[in-house]
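The values are calculated or read from the model by the stated rules, or taken from the named source; none is laboratory data. Keep in mind that this is a model prediction, so the values were computed, not measured. Note that we place each Cβ from the backbone using ideal geometry, even for glycine, and neighbour counts take in every protein chain shown.
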Amino acid sequence: MSHTRKPGGNMGDKVKYKRVLLKISGEALMGQREYGLDPDMVERIAQEVRTVHGLGVEICLVIGGGNIFRGLSGAAAGMERATADYMGMLATVINSLAMQNALERLDVPTRVQSAIPMSTVAEPYIRRRAVRHLEKGRIIIFGAGTGNPFFTTDTAAALRASEMNCDLLLKGTKVDGVYDADPVKNPRAKRYDRLTYHRVLTEDLGVMDHSAISLARENRIPIAVFSINQPGAFAEVIAGRGQFTIVSDSKYRE
């Protein structure tokens, strides 16, 4: 699955992947806030994306909406689940537009495609058009999840990574990989360097929801879990360095 490609930036090593999808939670955009967007955090993540884009890597993004509205929380509070999920999808579009703005301020060409049509602010999701944008060196941000309720943005990320034929699906989290316990609560928690899809599913390790893991496994897309809060970590993973956990099948080789 992996590719070797000479970088176009200043990073000394060759990058391992030609086309990737980065999944970021909405909470990551909050920074230290309790709600909404932290402009400094959005800008910092945009800088990370620009660095990797400068290496010649084709990048897709999927951003969650939990910093604004979470469908499951709305459903738990008595709202109809489908309605709550649609509200959560709209929140992802808000985050997508914020990230597009931050990237374009850094002179990185970016397009937002929404699974829910809203032509005033975003292109509709059209697979062939998205592929063409990537081939032209534009970053694609996929908004509104899958466009359907009852599916998470994790599943949307795995779906779009499969449709775009990505070499790697990255999940940016608060910690630098997958652990056998919460590393915040347990300082002796062990980080896994490598896991199989099967183990993640059977042990319910919480990397992504089961639908997302199953989609990635079916299409043989490895998943890298890393810390989005660590400066430079995105580029490190693309170069095959740094601390992260790879989820793949047992036949995967770097």
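A few comments on the model shown:
- No other residue among 81, 132 is at pLDDT below 95 and either among the charged types (D, E, K, R) or under 25 Å from residue 48 (Cβ atoms) (or both) apart from 81.
- For residue 119: the one exception among (1) more than 28 Å from residue 241 (Cβ to Cβ); (2) polar (S, T, N, Q); (3) surrounded by 14 or more Cβ atoms within 10 Å (Cβ to Cβ): (3)
- Residue 134 vs. criteria over 14 Å from residue 24 (Cβ atoms) and either surrounded by 21 or more Cβ atoms within 10 Å (Cβ to Cβ) or touching a residue at least 12 places away in the same chain (Cβ under 8 Å) (or both): yes
- Among the helices (runs of 4 or more DSSP H) confined to segment 80-193, the ones with at least 1 residues that are within 18 Å of residue 225 (Cβ to Cβ) and in contact with a Phe, Trp or Tyr (Cβ under 9 Å, 6 or more places away or on another chain) are located at 153-163.
- Residue check, residue 213 at pLDDT 95 or above, surrounded by 17 or more Cβ atoms within 10 Å (Cβ to Cβ) and part of a loop (DSSP other than H, G, I, E, B): no
- Answer from 225, 207, 247, 200 - the residue that is among the β-branched types (Val, Ile, Thr) and part of a loop (DSSP other than H, G, I, E, B): 207
- A search for C-beta distances below 8 Å between a residue of segment 47-73 that is without any contact (Cβ under 8 Å) to a residue 12 or more places away in the chain and any residue that is not in a loop (DSSP other than H, G, I, E, B), counting only pairs 6+ apart in sequence or on different chains, returns 73/84.
- In the set (1) surrounded by 20 or more Cβ atoms within 10 Å (Cβ to Cβ); (2) over 11 Å from residue 221 (Cα atoms); (3) under 14 Å from the mean Cα position of the chain (by Cα), the condition left unmet by residue 178 is number (3).
- Options 212, 224, 216; residue that is closer than 15 Å to residue 244 by Cα and either in contact (Cβ under 8 Å) with a residue 12 or more places away in the chain or more than 14 Å from the chain's Cα centre (by Cα) (or both): 224
- Total residues in segment 21-65, condition under 17 Å from residue 96 (Cα atoms) and either in contact with a Phe, Trp or Tyr (Cβ under 6 Å, 6 or more places away or on another chain) or outside any helix (DSSP H, G or I) (or both): 18
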